[in-house]
Amino acid sequence: MIREVLRMGDPRLWQVSVPVTDFRSKDLNILLEDMRETMAQLNGAGLAAPQIGVGLRVVIFGVKSNPRYPGIEDVPDTVLINPRIEPLSEELEEDWEGCLSVPGLRGWVPRFRKIRYQGYEERGQRFQRVVEGFHARVVQHECDHLDGILYPMRMRDFTRFGFNEALFPGQELPPED
Ligand code: NI
């Protein structure tokens, strides 16, 4: 079922979500199905459970690269539950981000360039990946949602925060997450 995505200002987006304990529950299946449908309908790059009002540590993401958006690399379709992120260097990289909970705006956000992330896929199998660049950015953005953090809270330069049409007139922009 397609769910409503909460927008910034809704207090549920500031909550710290709790870990999943039962990977065999039907509720988890339904949640993931709803998240996939909702993300697909909005052409999103990622979605976190709290964005649809569910306070569990579950995120999904996945992006197909597109020649219209240089710098956006393929990110495999991923379900990530109870994630842990470890930066692999202190190095930060800044780039534009958008968020389905902050629709129509973009901001210039610093993120760790290279990370290792680990967690569980939907059947409860543990996995980990070492990633960098855009993939690392998407994961950090999604996992922030689980701690009640939206990207504007990470920004340092608010002259680089604004409406899509004002920042990038006439341009097609990569998906929000
Ligand atoms: Ni977001």
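The values are calculated or read from the model by the stated rules, or taken from the named source; none is laboratory data. Bear in mind the structure is a predicted one, so any value in this text is a computation, not a measurement. Here the Cβ is made from the backbone with ideal geometry for all residues, glycine too, and neighbour counts use every protein chain on show.
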Handout entry: Subset of region 1-51 (residues that are closer than 25 Å to I149 by Cβ, assigned to a loop (DSSP other than H, G, I, E, B) and among the basic types (K, R))
Key = R3, R7
Fill in the blank from the handout: Taking region 21-48 and keeping only residues that are away from the ligand (no atom under 12 Å from the Cβ) and within 18 Å of the chain's Cα centre (by Cα), one is left with L31, L32, E33, D34, M35, R36, E37, T38, A40, Q41, N43
Exercise for the section: Show the residue pairs that are 6+ apart or on different chains and have beta-carbon atoms under 9 Å apart, the first residue being within region 135-147 and touching a residue at least 60 places away in the same chain (Cβ under 8 Å) and over 17 Å from G107 (Cβ atoms), the second being among the small types (G, A, S) and within 11 Å of the ligand (Cβ to nearest atom). Expected result: V139/G46; C143/A48; L146/A48
Problem - Those residues of region 130-176 which are farther than 20 Å from Y120 by Cα, of a type outside the set (A, V, I, L, M) and within 11 Å of the ligand (Cβ to nearest atom), in sequence order - result: Y151, P152, P175, E176
Problem - Unique residue being surrounded by fewer than 22 Cβ atoms within 10 Å (Cβ to Cβ), within 12 Å of the chain's Cα centre (by Cα) and outside any helix (DSSP H, G or I) when the list is V54, V79, V59 - result: V79
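Pick from L146, L167, L173: which is touching a Lys or Arg at 6+ places or on another chain (Cβ under 9 Å), modelled with pLDDT under 95 and not β-branched (V, I, T)?
Matching residue, one of L146, L167, L173: L173.
Just checking, which of R154, R129 is within 25 Å of E4 (Cα to Cα) and modelled with pLDDT of 95 or more?
Details: R129 fails: within 25 Å of E4 (Cα to Cα).
Sole residue among the options that is within 25 Å of E4 (Cα to Cα) and modelled with pLDDT of 95 or more: R154.
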